[in-house]
Amino acid sequence: MDQKRKRSNDEFIDGLCKIQGKVDKFNHVCSIENFSQRPEKTDEGIELPIFVDGSRERSEWCLWIYPNGNKEGSKEYVSVFLELESPTKQ
C-alpha cells in the first residue's frame, strides 16, 4: 500500500503504511461536552478513563486529547494519543 497524501498546497507527503497481522476490532465511544470551549492551554490534555478492548488479550488503553495541541507547533490543531496501559492475558 504505497500511497501519498496531498497537503493543501498540492505538495505530496509520504507517510501512509499498512501493517499486517492479526486484527481485533472494537469500538469505543466517548463524548466531551462543549469541546470547542475547553479551557486547556497548549500542552494541557484531557485523560479519558482507561478502557478495555474486546480481544482475548484484554488490553487496557487510555486516550489523551489535547484540545489546543500538545506542543507549540500544533497549537492550532487537536492532538490525540492512544496509549497502551497494560496488555493482560486471561
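Readers should treat all values here as calculations from the given coordinates under stated rules, not as data from a laboratory. The model shown is predicted, which means the values in this text are computed figures rather than measured ones. We place every Cβ from the backbone using ideal geometry, glycine too, and count neighbours over all the protein chains shown.
Details
- Residues I19, I65, I32, sorted so that the one with the fewest Cβ neighbours within 10 Å comes first: I19, I32, I65
- Extension gain from S86 to V52, taking 0.36 nm per residue of separation minus the Cα-Cα distance: 11.3 nm
- Placing a label point 7 Å from the Cα of I19 along the Cα-to-Cβ direction, the residues of segment 41-75 whose backbone N falls under 15 Å from that point are 59-62.
- Between E60 and R38, the modelled label-to-label distance comes to 2.2 nm, taking each label 7 Å out from Cα in the direction of the beta carbon.
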